[in-house]
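Report on the following structure.
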Amino acid sequence: MESANTSLRPTAGAAAVQARVAPKLTPKQAATQFARLAEALPCLRAAYLEALGRWSGDPVLQLLGLPIVTECYRSPERQNELYAQGRSKPGPVVTYKLGGQSNHNIGPPTPAIDVAFLLADGSVSWSGLLLSKFARLVKAADARVHWGGDWPKFKDRPHFEVPR
Ligand SMILES: [Zn+2]
């Protein structure tokens, strides 16, 4: 079976289509997705679901991976933990916002979600290529939704938000 890393390459698309079945959520994963989306601002949730519907309805895209929400609301404490990553703690920098500064810290309803892709082998991908394809669908669904991959400096490709 192809590794997650291989499938991140744009050229892997055709092979993936031949070799794979579309990834599906387990009932437990589906419940988690429902709970996370329930935290989101209604217009953000609607845009995500419309994009998800288009993605899942596309015979090519659906085989590349299934969009999933990895996080919506995030407590200020958890935000501070993430901020420490790449600074006082090991790991790459994942945020420039302290607790209370991120749109993830608002609500619920929360005007920010982070997205990744469930692959057919059960692994999770943050492929920039897949995220940019999905971002096009989300922005087409509702122009109020901004994609972190469009930001000029720190490109936060998993991130979608409705600015305050
Ligand atoms: Zn985010």
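Each value in this text was obtained by applying a stated rule to the coordinates, not by laboratory testing. These figures come from a predicted structure and were not determined experimentally.
A few remarks follow.
- Percent breakdown of C-alpha pair distances by 5 Å bin, ordered from the shortest bin, for the chain: 2, 9, 17, 21, 20, 16, 10, 4, 1, 0
- Cα gyration tensor, the stretch 89-154 - rounded (a/c under 1.5), prolate or oblate: oblate
- Applying 0.36 nm per residue to the separation of THR26 and CYS43 and subtracting their alpha-carbon distance, the gain on full extension is 3.5 nm.
- Which listed pairs, of LYS89/LYS155; LYS28/LYS133; LYS24/LYS133; LYS28/LYS155, have C-alpha distances above 24 Å, in listed order: LYS28/LYS133; LYS28/LYS155
- Cα gyration tensor, the stretch 42-84 - rounded (a/c under 1.5), prolate or oblate: oblate
- Listed by chain and number, the aspartates and glutamates whose C-alpha is less than 17 Å from the C-alpha of LYS153, apart from same-chain residues fewer than 8 away, are GLU161.
- Across the stretch 20-164, the relative contact order, built from alpha-carbon pairs under 8 Å that are at least six residues apart, equals 27 percent.
- For the chain, built as a Gaussian network whose Cα springs stay under 10 Å, the top-fluctuating residue of ALA35, ALA116, ALA22: ALA35
- Between 0 and 90°, nearest 10: helix 42-56 axis offset from the chain longest Cα axis: 20
- Counting 0.36 nm for each residue step from ASN80 to PHE154 and taking away their Cα separation leaves a gain of 24.9 nm.
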